[in-house]
Amino acid sequence: MTQASVIKNLTEVRAMIKRHKMDDYIFSIIGIIALMIGLLTLLTLFIDLIYDGSGRFNLKFLSDYPSRRAENAGLLSAWVGSTLVMLITFLTAVPMGVAAGLYLEEYASKNWFSDIIEINVSNLAGVPSIVYGLLALGLFVYGLGLGQSILTAGLTLGLLILPIVIVSTRESIRAIPVAIREAAYAVGATKWQVVYDHVLKYSYGGILTGVIIGMARALGETAPIITIGALTFIAFLPPSPISDVPPYLNFEWLSSGFTVLPIQMFNWLSRPDHAFHVNAAATGAIIIVVTLLMNGYAIRLRYKIRESIKW
Amino acid sequence: MNEFAATTISPRLAKNIRRNIKERVIELILMLAALSAVATTVGIVAILLNESLGFFKTVSVVDFFTDTQWTPLFENPHFGIMPLISGTLTTSAVALIVAIPVGTIAAIYLSEFASHKVRETVKPILELLVGVPTVVFGYFALFFVTPILQNMIPTLPGFNMLSAGLVMGIMIIPYICSVAEDAMRAVPMSMREGSYAMGATRFQTALRVVAPAATSGIVAAYILGISRAVGETMVVAVAAGQQPNLTFNPMESAATITAYIVQVALGDLPHGSIGYQSIFAAGLVLMVMTLMFNMLGHWVRKKYRENY
């Protein structure tokens, strides 16, 4: 090879390296832009909602019933409804989900039976939420005669977030080393004692993460609640759960009609009158803030657990 | 032996028996809770099939799939599901045209280019974005994106599939990005190092080594994204319109399967009427569509998974 061709080769190689480095550079810029499209949208959306709804951020908005006049309309029945529905959702999804997760991880032997349950759980996580609404409409509203009540809505959302709770329970249980269980068995603990006193206690944080994410999802779900036929104009509160005569607890509220925050928002934003859109924006901002706080807390908790636990 | 059995059992043994019974009962209760997942699936399938069977007694299956009009609530009802399917597919297609390229590029950037610090900051934010309720995105589509689009395309109607699809796409980006990034992170470092040692740049490594190795996970992310787009309700119900329309033109207004269900549920249809049954038939079609995508996703992930 002559001197000249080596030099020519070298410059070619140098040009190639330069070109490839340029590719790297260009791609990282495209990558940042792509990432920003995803991230900045949330920011835009959030600012848009706050800006549009800014006229309605006051306590009166939270203490007023819906009204035909936009400026008098408030969220009272919606947030009370959301709270009560979430209570039922919590009471159904958490015990059932945690129990199911415990069974699948600690009790079930690996056979066709546990396979079927597992396939079911992962499939349920992919079912569109509106299909849960159809299930509830056919089963709870008409099949069991529960009507379009708080109980129906709570049970529906409970089933909807069940896979989330089950999966997070299983994941956090799986992270506990076998040695912990063996140590408990070695001092004579029964299976349930091992599960309750050790497995459940140590996986508590991880389960909580899943529960909070599930509850945030339930708070924002609109489609299944609309499908069961929830009324949108509710100018009353459900009967109080606490009464002043024994037995001090009152369960009439379970069968009461209701509305929830996302439904109220949907109702307002589908009206032609622009004044109601302001209410919708303000409601949207409130929903976003609450769900972001819940999810943010859960995600922080998860990262903290991941860092702190060293078995 | 018999003498032993005849004597009263010791308190300690009795306690053991009680304990064993308690253990059995607890196991049974936990198993019943686990079975609730199966019961939910059975419930969904049973309700959808049962109400749909009633529907198909009145409407022939052939009409259902060939009629080009969907007007169950009119005087002269037509029950052709195709307009709803075309609406669903069009909005989903628009969403995926946005979400797949942007999500993939963002995932590659995050996994292969971004510094540790950037990745640790962005990942939780992506997870946060996945949790934003969809009705809020509906507001965004109708009152923020549609006016902007109408400025650019003056003929665009107030309700259109383009705006709904775009917002749905933006909504799915974090989801696709997050799942695809996980798949690429799972590719062992030694493969990247091998590639770098041969003199490859980051971009070459990402494109020719990491992405092919993570194909199964990336494709599964796409398919799960499709399944989410098909089942998405609130954005399309708010922004795409409620009128069933057999078109694949995103500039038009059209109803999706999910929007139709919402529209009927908002009205006051008597239980057992053909309109009431029609939402279950529509729901069955939706369920079958998403189930197909979900199963395809699991299959792709299993079949093309590389083991390192």
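The values are calculated or read from the model by the stated rules, or taken from the named source; none is laboratory data. All values reported here derive from a predicted model rather than from experimental measurement. Ideal geometry is used to build each Cβ from the backbone, glycine not excepted, and the neighbour counts take in all protein chains shown. Areas reflect the complete protein model, heavy atoms only, side chains present, ligands, DNA and RNA absent. Shrake-Rupley method; radii C 1.70, N 1.55, O 1.52, S 1.80 Å.
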* Principal axis dimensions, the range A:81-205 - Cα atoms, whole angstrom, descending -> 52, 32, 22
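Using the Kirkwood formula over every pair of different C-alpha atoms, what hydrodynamic radius in Å results for chain B?
22.9
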* Using a 1.4 Å probe on protein heavy atoms only, how many Å² of accessible area do A and B hide from each other, summed over both chains and rounded to 100? -> 6700
* To do: Would you work out which of B:L28, B:A39, B:L49 lies farthest towards the positive end of the dipole of the range B:9-58? Charges go on Cβ: Lys and Arg +1, Asp and Glu -1.
  => B:L28
* Loop sites in the range A:106-177: trypsin sites (Lys or Arg not before Pro), DSSP, at most 10 other Cβ within 10 Å -> A:K110
* To do: Using label points projected 7 Å from each Cα along Cα→Cβ, tell me how many nm separate B:N50 and B:T68, to one decimal.
  => 3.8
* Could you give the radius of gyration (one decimal) and Dmax (whole number) of the Cα atoms in the range A:1-56, in Å? -> 24.0, 81
* Asked: Nearest 20 debye, what's the magnitude of the dipole of chain B about its Cα centre given +1 on Lys and Arg Cβ and -1 on Asp and Glu Cβ?
  -> 1340
* Structure fact -> Of the DSSP H helices in chain B, the ones reaching 18 Å or more along their long axis in Cα terms and averaging at least 0.0 in Kyte-Doolittle hydropathy are B:11-58, B:82-108, B:116-130, B:161-185, B:215-231, B:274-303
* Can you give me the three principal axis dimensions of the range B:186-308 from its C-alpha atoms, in Å, biggest first? => 69, 31, 20
* **Radius of gyration and Dmax over the Cα atoms of chain A, both given in Å** => 26.6, 106
* Sorted by accessible area with a 1.4 angstrom probe, largest first, how do A:L42, A:L269 fall? -> A:L42, A:L269
* Asked: Under DSSP H, which helices of chain A have Cα atoms covering 27 Å or more of the helix axis and a Kyte-Doolittle average no less than 0.5?
  -> A:3-53, A:76-102, A:150-174, A:274-308
* **Assigned charges on the beta-carbon of Lys, Arg, Asp, Glu; the range A:58-308 dipole about Cα centre (debye)** => 400
* Structure fact -> With every protein chain kept in place and a 1.4 Å probe, the range A:31-99 has an accessible area per residue in Å² of 48
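Which order do B:W299, A:W192, A:W268, A:W112 take when ranked by solvent-accessible area (1.4 Å probe, heavy atoms of all protein chains), largest first?
Largest accessible area first, the list is A:W112, B:W299, A:W192, A:W268.
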* Largest first, how would B:R301, A:R300 line up by accessible area (1.4 Å probe)? -> A:R300, B:R301
* Asked: Which whole-number percent is the relative contact order of the range A:28-136 (Cα, under 8 Å, 6+ apart)?
  -> 10
* To do: Report, in debye and to the nearest 20, how large the dipole of the range B:8-147 comes out about its Cα centre when Lys and Arg carry +1 and Asp and Glu carry -1 on their Cβ.
  => 1220
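Apply 1/(1 + (r/R0)^6) to the Cβ-Cβ distance of A:K201 and A:I119, taking R0 = 22 Å, and write down the FRET efficiency to the nearest 0.05. Could you put the intermediate results ahead of the total?
Values: r = 30 Å, r/R0 = 1.35.
Rounded to the nearest 0.05, the efficiency is 0.15.
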* Structure fact -> One checks the Cα atoms of the protein assembly as shown and finds Rg and Dmax, in Å, of 27.5, 109
* Could you please state how large a percent of the accessible area of the range B:82-303 is carbon and sulfur, counting protein chains only and using a 1.4 Å probe? => 68
* **Interchain or long-range residues, amide H under 5 Å from B:F79's placed H** => B:T71
* To do: Counting only C-alpha contacts under 8 Å and six or more residues apart, can you give the relative contact order of the range A:58-308 as a whole percent?
  => 27
